[in-house]
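Heads up: the structure comes next, in structure tokens.
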């Protein structure tokens, strides 16, 4: 079962220990300079691992400042970013 995991804003966004499962949908923008949340097929409170494809989305989001993947809006985005303020 897939769940949303909120980024703690402190740790390395590439590491599973920097995320915590949330029970609500993230209220993040589709653009910004900070990782907000990731969507993973994991049921643990902290994800056991982050797949390579999602790590690539995290890196792409950090460099493009746009939630990922960018595909014209037809698929779920797996990495959401938010404003830096």
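Each value in this text was obtained by applying a stated rule to the coordinates, not by laboratory testing. Computed from a predicted structure; not experimentally measured. Glycine also receives a Cβ, built like all others from the backbone with ideal geometry; neighbour counts cover every protein chain displayed.
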### Query
Which angle between 0 and 90 degrees, to the nearest 10, do you get for helix 52-64 versus the longest principal axis of the chain when only C-alpha atoms count?
40
#### Entry: Mean separation of Cα contacts under 8 Å, 6 or more apart, over the residue count of the chain: relative contact order %
34
#### Entry: Cα gyration tensor category, rounded, prolate or oblate, for the chain with a/c compared to 1.5
rounded
#### Entry: Residue-span extension gain [residue 15 to residue 63] - 0.36 nm each, minus C-alpha spacing
15.5 nm
### Query
What full-extension length gain, to one decimal in nm, is calculated for residue 70 and residue 8 as 0.36 nm per residue of separation minus the Cα-Cα distance?
20.0 nm
#### Entry: residue 46 paired with residue 30, simple spin-label distance in nm, labels 7 Å along Cα-to-beta-carbon
3.3
